[in-house]
Amino acid sequence: MKKIFKSTLFVPFFLYMATVMGCSSTSNEKMTHSNWCKIRYEAAEELYKAEKYGRTVEKLEEILSTCAGSGYMEQAQFLLAESHFNLEHWIEARGEYGSFIVNFPGSPFAETAEFRKAVSSFNMEYKVDRDESNTTTAMKDFERYLANHPNTPLRDSVQYYYNLLVDRVAEKEFQTGRLYLRMDKPQAAVIYFKEFLETYPKAKRRSEVLFLISDAYTDLDQFETARQYLATAQSEASEDKEIQKRVKKAEEKIAKAEDAYEKRLKKEAEKKRQQKEEKDMVN
């Protein structure tokens, strides 16, 4: 009886397993490569919508390495770049947007990708006292974007970022000129400050540079030139009360320096006169 019971149980179990395996086999036969990629892309897309960008990156990298020719490469490449962008992985984001532009130049997302590539460049690490290659790269990216999309509605945004990049480059010139002034080398400071004013007429540091170059010329005993730069600072910020107060203090400083300079000249002239008289008496 026990043997019959075991045998009776085994037969339906076997039939169940055979059915499951048969269904599984049928399912595997229907699962094409394209379907496999579709399922994985949709899963990655859901992770992206849930703002799980790190996991999204993992899924999309798998798709890009295994789904060539499936029709999901364009979406996966763009979504991968977007994921890195949201993670603030700026170097990776710029690279992925760049790959997207090269691989899918006719995509409706190509313009967006090129703009975001430039923004990624803008956000890459920058320090004023180090190599400014990242700033130069970002400027070229924005210039290329405008050249390729002259009628873009994002022109104002591009100009905003580009002006900030110009300020970065200008800041380096500003810091160099100020350093020379602190090192008591006013002539070298003047060279950098004049270059700054000519090259970056709209830089945010312009007003500060006008005061500093006035200080440098004061140190060089060139008081009229110093006053000319002060007058420019005053006229360019006529509504700014703080600037006007600063101009007044600077004018007082120039007046004191000029007075000290004249006294020094008189003293030197008197000294030379006495030396000449002593020499004449000896002769």
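Quick note: the coordinates plus some simple rules give every number you see, no bench work behind them. As the structure is a prediction and not an experimental result, all values here were calculated from the model. FYI the Cβ positions are ideal-geometry reconstructions off the backbone, even for glycines, and counts take in every protein chain you see.
Please determine, by comparing only the residues of region 125-156 that are over 13 Å from the mean Cα position of the chain (by Cα) and in contact (Cβ under 8 Å) with a residue 40 or more places away in the chain, which one is surrounded by the most Cβ atoms within 10 Å (Cβ to Cβ). Filtering region 125-156 for residues that are over 13 Å from the mean Cα position of the chain (by Cα) and in contact (Cβ under 8 Å) with a residue 40 or more places away in the chain, the one surrounded by the most Cβ atoms within 10 Å (Cβ to Cβ) comes out as Thr152.
Report yes if Glu88 is of a type outside the set (A, V, I, L, M, F, W, C), without any contact (Cβ under 8 Å) to a residue 60 or more places away in the chain and on the phi > 0 side of the Ramachandran plot, otherwise no.
So Glu88 passes the test.
Yes/no per residue for (1) under 18 Å from Phe174 (Cα atoms); (2) in contact with a Leu (Cβ under 8 Å, 6 or more places away or on another chain); (3) not polar (S, T, N, Q):
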residue	(1), (2), (3)
Glu195	yes, no, yes
Arg206	yes, yes, yes
Val209	yes, yes, yes
Glu239	no, no, yes
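Test each condition in (1) in contact with a Ser or Thr (Cβ under 8 Å, 6 or more places away or on another chain); (2) free of Cβ contacts under 8 Å to residues at least 40 places away in the same chain for Ile254 and report the one that comes out false. In the conditions (1) in contact with a Ser or Thr (Cβ under 8 Å, 6 or more places away or on another chain); (2) free of Cβ contacts under 8 Å to residues at least 40 places away in the same chain, Ile254 misses (2) alone. As a summary of the residue check, Lys202 satisfies the conditions (1) over 28 Å from Glu242 (Cα atoms); (2) surrounded by fewer than 14 Cβ atoms within 10 Å (Cβ to Cβ); (3) not hydrophobic (A, V, I, L, M, F, W, C) except for the one numbered (1). One residue stands out in region 259-283 among those that are under 57 Å from the mean Cα position of the chain (by Cα) and of a type outside the set (A, V, I, L, M, F, W, C): the one that is nearest to Thr218 (Cα to Cα), namely Tyr261.
Sub-9 Å Cβ pairs linking a first residue in region 196-215 that is without any contact (Cβ under 8 Å) to a residue 60 or more places away in the chain to a second residue that is surrounded by fewer than 18 Cβ atoms within 10 Å (Cβ to Cβ) and not in a helix (DSSP H, G or I), at least 6 apart or interchain, are Ser207/Ala237; Ser207/Asp240, ordered by first then second residue. Can Phe122 be described as of a type outside the set (Val, Ile, Thr), touching a residue at least 24 places away in the same chain (Cβ under 8 Å) and closer than 30 Å to Leu179 by Cβ? Against the criterion (of a type outside the set (Val, Ile, Thr), touching a residue at least 24 places away in the same chain (Cβ under 8 Å) and closer than 30 Å to Leu179 by Cβ), Phe122 qualifies. Among the numbered conditions (1) touching a residue at least 40 places away in the same chain (Cβ under 8 Å); (2) within 21 Å of Phe115 (Cα to Cα), the only one that Lys172 does not meet is (2).
As a summary of the residue check, Ala257 satisfies the conditions (1) in a helix (DSSP H, G or I); (2) on the phi > 0 side of the Ramachandran plot except for the one numbered (2).
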